[in-house]
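Colleague: One structure, pasted below without further comment.
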Amino acid sequence: MKIRKGNIDDIKVISKIYIDTWKTTYNGLVPKNFLNELSYEEAENKWIHFFSDQLHQSFIYVAINDFEKIIGFAAAQNISDQEFQGELYALYLLPQAQGLGAGRSLISAIAEHFMEEGISSMMVWVMKNNNSGRGFYKRLGGKYYTHRESEFGGFLVEDEAYGWKDISMLSVSNRDK
């Protein structure tokens, strides 16, 4: 598996992974009709907009398998939160890529990118009922920070934020110590 910085040519694949993963990960957490109405075209527009967001200096890294196929991605951006300077905006892996270290590797790439930009802290939002997602971030040392409510298809869900005050612990050279 390889990790590389994403580019605009990756948007179609990123959008497909995003939609397909939403439909599996959030099945039962948000209304079925909301999931059924998700569109690849809208996702492409969302990720093109994200990619071109100069204000937040947004960026994406992709995980590529041995067959040169993108199997997942992580997106991040600068934020102006009181506690954290960076946000892991999204992390999505195809089901067959989960549990193989791709998520960890993507987060390491995000952390290293932030550190190169002088950003030393990061947070991520995750649905409270997404136990596997919350567990993943906790295993990586993320600490509960705050909560909010989000709306999906008229349905309110609780989100929790997890953060790392020092993201150097997430870098490849430090994470296995």
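Bear in mind these aren't lab numbers, they're just calculated from the coordinates by the rules spelled out. Because the structure is predicted, anything quoted here is derived from the model rather than measured. Glycine gets a Cβ as well: all are built from the backbone with ideal geometry, and neighbour counts include every protein chain shown.
Colleague: How far apart, in nm, are the 7 Å Cα→Cβ label points at residue 83 and residue 29?
Modeller: The two pseudo-label positions are separated by 2.0 nm.
Colleague: May I ask you to list the GluC sites (Glu not before Pro) in the range 77-122 that are in a DSSP loop and have at most 13 other Cβ atoms within 10 Å of their Cβ?
Modeller: Here the GluC sites (Glu not before Pro) that fit, given the DSSP loop and packing criteria, are 83, 117.
Colleague: If eta is 1.002 mPa s and T is 20 °C, what Stokes-Einstein diffusion coefficient results for the chain, Kirkwood Rh from Cα pairs, in µm²/s?
Modeller: Reported coefficient: 130 µm²/s.
Colleague: Which entries of 5/46; 16/46; 138/165; 69/138; 5/32; 23/46 show an alpha-carbon separation above 21 angstrom in the structure shown?
Modeller: Beyond 21 Å between Cα atoms: 69/138; 5/32.
Colleague: On to the next question. May I ask you to sort 60, 70, 110 by Cβ crowding, counting other Cβ atoms within 10 Å and putting the fewest first?
Modeller: Ranking 60, 70, 110 by Cβ neighbours within 10 Å, fewest first, gives 70, 60, 110.
Colleague: If you bin every alpha carbon distance in the range 68-125 into 10 Å steps from zero, what whole percent lands in each bin?
Modeller: 23, 50, 23, 5
Colleague: Just to verify a number: FRET efficiency for residue 5 and residue 41, C-beta to C-beta distance, R0 = 35 Å, to 0.05?
Modeller: With R0 = 35 Å, the Cβ-Cβ based efficiency is 0.90.
Colleague: Here's a follow-up. Over all distinct Cα pairs, what is the inverse of the mean 1/r for the range 33-105, reported as the Kirkwood hydrodynamic radius in Å?
Modeller: 14.0
Colleague: Apply the Karplus curve 6.51 cos²θ - 1.76 cosθ + 1.60, θ = phi - 60°, to the phi angles in the range 138-146 and return the couplings in whole Hz, x for Gly and Pro.
Modeller: Working through the residues one at a time gives 5, 4, 8, x, x, 10, 3, 10, 6 Hz.
Colleague: With 10 angstrom as the radius, rank 91, 100 by how many other C-beta atoms surround their C-beta, starting from the fewest.
Modeller: 100, 91
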